[in-house]
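Below is one structure, written out as structure tokens; comments come after it.
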Amino acid sequence: MTRSDRHPDAGRLLLRRFATLARSRRLVVPGDRILVAVSGGPDSVALLALLAELAPSWDLELAACHVHHGLRGQEADEDADFVATLCRTLGIPIRVEHLSRAASPQRRGRQSLQEWAREARYDALRRVADELGMVKIAVGHTADDQAETVLLWTLRGAGLTGLAGIPPSREGRIIRPVLGFRRRDLIRYVKKMGLTYRTDSSNAKSVYLRNRIRREVLPVLQAINPAIVDTLCRQAELLRDDEQWMSERAADCLARLLKEQDGRISLRIEDFVALPLALQRRALRGLLRQLSPAGRWPTFRTVSAVHRLITQARSGGMVTLSGLRVVREYDTIRFEHRDRADDRRSDDGAGCPSGPEELPLPLTLPATVTWPLTEQTVRVRWGGRMPVRGRGVSPRTAVFDADRFTPDLCLRSWRPGDVFQPAGMKGHRKKLQDYFSDLKVPRAERHRIPLLVAPEGILWIVGYRQDQRFRASVRTRRVLCADVRP
């Protein structure tokens with residue numbers, strides 16, 4: 001494996017095609033600083049050799065990275081040694097990153113071993129690229145990988161995103177310069193250049209679905225259509241354009257419909273269901289990915305569950321996801337991270353209201369206090385005029401008969417089991433939970449509403465309604481007045 005073994009014209013046509021595709025797609029431009037992921041297989045060896053050939057005339061700065069997953073014992077050690085030797089031969093600096101074999105089960109969770117290895121590999125590549133100041137990360141996916149991926153997602157019943165396959169670039173950083181090349185052509189190029197490569201024994205194991213597609217499904221399809229790989233790649237490219245257009249429309253819709261206040265994200269159901277169904281699903285998928293703590297795409301089942309919550313569920317319905325809670329409140333859908341949601345009081349009494357430690361607020365009459373959950377000012381004072389029926393009556397004011405309760409008052413949030421007798425309902429008792437539901441007060445907002453409370457009961461749902469038992473009348477001798485201001 002030496003430079004002298006190469007024929008001067010070896011691979012010239014493939015190199016020219018490689019340069020043309022890389023330039024036309026702006027995957028590689030002169031002056032780029034590129035970290036090349038090299039596993040030791042034929043695809044990555046060809047990628048490294050092509051970039052090395054291009055480097056002098058394009059003024060490229062190259063470095064290589066080999067990720068040792070610690071999963072294949074001596075074979076993996078030999079892969080790392082091979083890549084180190086290859087890079088020394090080509091004069092390219094190399095970093096070998098070792099991943100902890102012991103840490104993989106904890107990190108994987110519900111992921112398959114292959115999914116964990118893929119994510120860990122990309123994390124390592126990003127980390128090394130940052131440390132070395134590399135602008136791009138080149139990986140060696142080929143047209144064969146593209147065809148296998150499209151078939152894999154077809155078997156899983158994927159939508160456009162899956163059927164669009166592997167993109168030539170993503171994140172503005174990860175590039176796939178050999179995605180338009182067949183693996184057989186790259187192997188031929190490697191051999192003509194006098195180089196060798198490694199073969200991963202796990203690629204022969206039928207336990208992995210991708211291997212079965214490569215070894216069993218594709219040969220059958222090639223017997224029907226010898227150009228099946230090119231056909232699937234062309235299909236992926238066409239669908240990728242459709243996918244991009246649809247994603248942009250969905251992002252525009254989300255930007256228009258979403259409202260954010262106090263860290264809570266919500267949307268009106270009426271506006272959402274007015275969208276075409278395809279945009280509804282796509283917008284939800286994009287939003288759930290944005291809100292996911294790990295930034296992962298949601299499954300079809302997850303998107304469907306949230307979509308049913310929006311279009312079919314009753315108020316109070318909820319879908320709980322990893323790190324996220326989606327709640328329907330009458331005509332609104334609210335999205336919030338579970339660490340925020342779990343700190344709030346729910347209607348079943350779980351948790352407690354988030355707020356200052358001094359709640360409930362004791363009142364020494366007369367009193368003027370600021371309710372910290374809404375920044376409203378509540379005043380309570382002795383005396384005042386009795387309101388004339390139909391005049392001077394406002395939800396923001398209340399007048400009480402002070403002889404009907406002990407003036408040991410406080411302001412607090414509602415609690416499970418709270419009841420009162422709404423003024424005007426002839427002494428009927430009503431749970432505050434039901435009262436708030438009748439008014440369509442969102443569940444997340446209910447604990448923020450202050451209650452003026454005496455030892456005998458709730459005097460006033462501040463800004464809403466008084467309790468009939470404590471309301472002033474024409475026979476009242478001692479009047480206590482209260483009002484609330486924004």
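The values are calculated or read from the model by the stated rules, or taken from the named source; none is laboratory data. All values derive from a computational prediction rather than experimental measurement. Neighbour counts are summed over all protein chains in view; Cβ atoms, including those assigned to glycine, are modelled from backbone coordinates with ideal geometry. Please note that ligands, DNA and RNA were not included when accessible areas were found on the heavy atoms of the full protein model with its side chains. Shrake-Rupley method; radii C 1.70, N 1.55, O 1.52, S 1.80 Å.
Among rounded, prolate and oblate, which fits the chain when a ≥ b ≥ c are the square roots of the eigenvalues of its C-alpha gyration tensor, a/c under 1.5 means rounded, and a/b larger than b/c means prolate?
prolate
If the reach is capped at under 30 angstrom between alpha carbons, list the lysines near K192, excluding any in the same chain fewer than eight residues apart.
Correct list for K192: K136, K205.
Out of the total accessible area of the chain (probe 1.4 Å, heavy atoms of protein only), what percent is carbon and sulfur?
Here it works out to 49 percent.
For the chain, what is the calculated [θ] at 222 nm in deg cm²/dmol (nearest 500), taking -39500 (n - 2.57) for each run of four or more DSSP H residues and dividing by its residue count?
That comes out to -11500 deg cm²/dmol.
For helix 277-291, report the angle its Cα long axis makes with the longest principal axis of the Cα atoms of the chain; keep it between 0 and 90° and round to the nearest 10°.
90
Quick check for me: using +1 on Lys/Arg Cβ and -1 on Asp/Glu Cβ, what's the dipole size of the chain about its Cα centre, in debye to the nearest 20?
The dipole of the chain has a size of about 1500 debye.
Express the relative contact order of the chain as a whole percentage, based on alpha carbon pairs under 8 Å and six or more residues apart in sequence.
It rounds to 11 percent for the chain.
For segment 162-251, state which chymotrypsin sites (Phe, Trp or Tyr not before Pro) are in a DSSP loop and have at most 14 other beta carbons lying within 10 Å of their beta carbon.
Passing sites in segment 162-251 do not exist.
Quick one: grab the alpha carbon gyration tensor of segment 440-486, order the square roots of its eigenvalues as a ≥ b ≥ c, and give me rounded if a/c is under 1.5, else prolate or oblate depending on whether a/b is larger than b/c.
prolate
Please report the antiparallel percentage of DSSP beta bridges with both residues in the chain, rounded to the nearest 5.
75
Can you give the net charge of the other residues whose Cβ lies under 10 Å from the Cβ of L27, counting K and R as +1 and D and E as -1?
Combined, the nearby Lys, Arg, Asp and Glu give +4.
For helix 113-132, report the angle its Cα long axis makes with the longest principal axis of the Cα atoms of the chain; keep it between 0 and 90° and round to the nearest 10°.
It is inclined by approximately 80 degrees.
Could you give the distance between the Cα centres of segment 361-381 and segment 210-246, to the whole Å?
68
Find the accessible area per residue for the chain; the probe is 1.4 Å, ligands and nucleic acids are left out, and the unit is Å².
Accessible surface, normalised per residue, equals 53 Å².
Could you tell me which trypsin sites (Lys or Arg not before Pro) in segment 416-453 are loop residues by DSSP with no more than 16 other beta carbons within 10 angstrom of their beta carbon?
Counting only loop positions with at most 16 other Cβ atoms within 10 Å, the trypsin sites (Lys or Arg not before Pro) in segment 416-453 are K426, R429, K440.
At 0.36 nm per residue, and after removing the present C-alpha to C-alpha distance, how many nm does the segment from A313 to D59 gain when stretched out fully?
Stretched out fully, the A313 to D59 stretch lengthens by 85.5 nm.
Given a cut-off of 17 Å, what percent of all Cα-Cα pairs of segment 208-270 lie beyond it?
Value for segment 208-270: 65 percent of Cα pairs lie more than 17 Å apart.
Would you please give the FRET efficiency between T364 and D271, computed as 1/(1 + (r/R0)^6) with r the Cβ-Cβ distance and R0 = 51 Å, to the nearest 0.05?
Approximately 0.60, to the nearest 0.05.
So which lysines pass the test for K440, namely a Cα distance under 26 Å, with those fewer than 8 places away in the same chain ruled out?
K259, K426, K430, K431
Tell me the angle of helix 12-24 to the major Cα principal axis of the chain, expressed in degrees between 0 and 90 and rounded to the nearest ten.
The angle comes out near 20 degrees.
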